[in-house]
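Have a look at the structure below before the remarks.
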Amino acid sequence: MRLLLDTDVVVAAFRSPTGASAALVELALDGKIILLVTVPLALEYEAVLKREEHLAATATTMDQMDRRIRSLIALCDPVYRAFRWRPQLRDPGDEMVLEAAVNGGADMLVTFNQRDFGTAPAAFGIACLLPREALERIRS
């Protein structure tokens with residue numbers, strides 16, 4: 001099962017180690033699922049996770065966060081963007097997430113922001129799910 005995690009899900013995984021988002025990362029660590037990432041998405045993960053509010057909420061120093069981010073990225077399969085289908089979404093900032101999912105052959109795009117993705121992922125055969133929904137689907 002190939003998953004693309006939106007940045008909000010990665011932030012939730014780092015901030016709430018007992019939540020569904022963190023459980024998805026754990027499944028990847030156990031080799032039960034494959035996480036996908038592009039360079040632009042990895043850079044977005046890094047920029048957002050290094051914000052002061054996330055460092056404070058996770059009681060993490062910048063160096064510790066760097067190591068955690070590198071560990072997460074090393075766990076992911078790299079995706080190379082071969083095609084662009086823009087525009088598909090109303091928020092241009094979400095386009096790179098959809099592109100990564102499509103180019104990576106994702107089974108699921110996992111996000112808390114389902115409304116902004118609308119039906120676009122389904123048009124490419126990708127389920128757009130909340131972390132708990134993705135976790136339930138994987139475990140069933």
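Where a number appears in this text, it was derived from the coordinates with a stated rule and is not lab data. Note that this is a predicted model, so its numbers are computed, not measured. Heads up, the Cβs are rebuilt from the backbone with ideal geometry, glycines too, and the neighbour counts pull from every protein chain shown.
Helix 39-49 and the long axis of the chain differ in direction by around 40°, with both axes built from C-alpha atoms. Computed from label points 7 Å out along Cα-Cβ, the spacing between residue 26 and residue 127 is 2.0 nm. Counting 0.36 nm for each residue step from residue 16 to residue 61 and taking away their Cα separation leaves a gain of 14.5 nm.
The label-point distance for residue 48 and residue 8, in a model that sets each label 7 Å from Cα toward Cβ, rounds to 0.8 nm. Quick one: Debye curve from the alpha-carbon atoms of the chain only, equal weights, vacuum; give me log10 I(q)/I(0) at q = 0.18 Å⁻¹ to two decimals. Values, matching the q order: -1.00. Across the stretch 106-118, computed HN-Hα scalar couplings (Karplus, 6.51 cos²θ - 1.76 cosθ + 1.60, θ = phi - 60°) run 5, 7, 9, 10, 9, 7, 8, 10, 4, 4, 6, 7, x Hz from first to last residue, x flagging Gly and Pro. In a fully extended conformation the segment linking residue 91 and residue 75 would gain 3.0 nm over its present Cα-Cα distance, using 0.36 nm per residue.
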